[in-house]
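Since the structure comes first, as structure tokens, the remarks are kept for the end.
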Amino acid sequence: MELHIACIGGDGIGPEIIAEAKKVLAKVCEKYQHTIEYDDILMGGASIDVYGVPLTDETIQIAKSADAVLMGSIGGDTNTSPWYQLEPGLRPEAGLLKIRKELNLFANLRPAVLFPQLAGACPLKEEISNAGFDMLIMRELTGGLYFGERYTTVENGIAKAVDTLTYTEEEIRRIAIKAFEIARVRRKKVTSVDKANVLDSSRLWRKVVNEVAKDYPDVALEHMLVDNCAMQLVKDPAQFDVILTENMFGDILSDEASMVTGSIGMLASASMNDTKFGLYEPSHGSAPDIAGKNIANPIATILSAAMMLKYSFGMEEESKAIETAIHKVLSEGYRTADIMSQDKKKVSCSEMGTLVAERI
Ligand code: NAD
């Protein structure tokens, strides 16, 4: 198969971690006889430096014409970087919001996996961390409270702020379909999270999810209230496979889920539209504090590349080969600085990429 990838190195550690993902992808292509072609494009601070804006229309067109986008991370030190002297619409993060909108990326997928080799980094009780967990949070990304009408007024001398949480049944249906499709290639369970005991938008959410579930009799569906879900994530995370939820609940729950893994440098993510197209990037930021030192952990980006193979190209075996290679490297005791513990072998960012590539 020919893979045509638009690739955004970005800022900070972005170019370093992307180089390692490319190294691993090259090895996968060699082994499984695929060819890969990259269009390297600029976004975020790197684009501001060259074009004066964080994302150009030409860059968007290149991204649109690719099969998928693979990204490092964007942004600089928000206290010291001159990029943050610019007006908000011209700062690095505006590029990310714009590309998500232009590519209609409404589904955000964030796996939270506790690697057994890193169970010690998990802040949960030992009996919970020893059991491990592997869940995927599917967050609706373009609707709900963050995109509803909002205003602040003063009534009778008292300030009042209003935010509105709106969802249409189409918006709910398309993300629910995505969640059930992905649960099918995982452990076949969807937990839909809402606040249906209080919110109208949640009652509509639950109704539409129930309708969609009828087309997926092989996938188990349960509904859970968001407050209970927040508790269950720390009490018994192993119960979850795919968690499906709206924008703000997903924002909060996905951060909670990533924290209980204890290793931000290990967490991948994807943002997808209603085709197989997606933008794949690590969950972490550009880590300007360690940029250029060759000490970043490239595993989150390598796992994002594995997600790309699975969800945009249907290459389950190739994707699994990357995950297995990472497990091997960790089992052999190799660690980047962020996940280092006693008696393990400390390696650099580029060494970690090479070790994973060699085990494909
Ligand atoms: P961050 O995730 O970049 O860093 C938080 C901490 O985690 C830092 O100590 C960093 O060194 C460490 N860290 C992150 N990734 C690591 C890795 N792969 N290996 C080892 N250590 C790692 O978050 P931040 O400091 O709040 O943000 C820095 C910049 O990144 C900001 O400009 C922010 O806006 C941007 N950001 C971008 C994205 C994105 O590109 N999608 C996401 C989040 C933050």
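Every number in this text was worked out from the coordinates using simple rules, so none of it is lab data. Just so it is clear, the model here is predicted, and its values are computed rather than measured. No Cβ is skipped: glycine too gets one built from the backbone with ideal geometry, and neighbour counts run over all protein chains shown.
The magnitude of the dipole of segment 257-350, with charges of +1 and -1 set on the Cβ of Lys/Arg and Asp/Glu and taken from the Cα centre, is near 280 debye. Charging the Cβ of each Asp and Glu at -1 and of each Lys and Arg at +1, and nothing else, the dipole of segment 2-71 about its Cα centre rounds to 280 debye. Short-range pairs are left out: with C-alpha atoms under 8 Å and at least six residues apart, the relative contact order of the chain is 22 percent. Listed from fewest to most Cβ neighbours within 10 Å, the set H284, H4 follows the order H4, H284.
Roughly what % of DSSP beta bridges within the chain run antiparallel, to the nearest 5? Don't jump to the answer; show the numbers that get you there.
On the way: 21 of 51 bridges.
Percentage antiparallel, nearest 5: 40.
Report summary: the helix-based calculation at 222 nm, which adds -39500 (n - 2.57) for every DSSP H run with n ≥ 4 and divides by the residues of the chain, gives -12500 deg cm²/dmol. Here's how it looks for I137: its modeled amide H is under 5 Å from those of R110, A112, I243, which are all 5 or more places away or on a different chain.
Is the shape of segment 213-272 best called rounded, prolate or oblate, per the rule: a/c under 1.5 gives rounded, else a/b larger than b/c gives prolate, else oblate, with a ≥ b ≥ c the square roots of the Cα gyration tensor eigenvalues? Verdict is prolate for segment 213-272.
Tell me the trypsin sites (Lys or Arg not before Pro) within segment 329-360 that lie in a loop according to DSSP and have at most 11 other beta-carbon atoms within 10 Å.
On the way: sites: R335, K344, K345, K346, R359; in loops: K344, R359.
Taking segment 329-360 and a limit of 11 other Cβ atoms within 10 Å, no loop trypsin sites (Lys or Arg not before Pro) are found.
Using DSSP loop states and a limit of at most 16 other Cβ atoms within 10 Å to flag GluC sites (Glu not before Pro), what is the longest stretch of the chain containing no flagged site? It would help to have the intermediate numbers written out before the result.
Details: sites that count: E149, E332.
Longest stretch, sites excluded: 150-331.
Using C-alpha pairs below 8 Å separated by at least 6 residues, the relative contact order for segment 220-350 is 19 percent. Relative to the Cα centre, the charge distribution of the chain, modelled as +1 at Lys and Arg Cβ and -1 at Asp and Glu Cβ, gives a dipole magnitude of about 700 debye.
Please work out the Cα convex hull volume for the chain and give it in Å³ per residue.
Numbers: hull volume 55.8 nm³, N = 360.
Hull volume over Cα atoms, normalised by residue count, gives 155 Å³.
Computed from label points 7 Å out along Cα-Cβ, the spacing between I252 and D134 is 3.0 nm.
Ignoring lysines fewer than eight residues from K195 along the same chain, the ones with Cα atoms less than 23 angstrom from its Cα are K178, K207, K214, K235.
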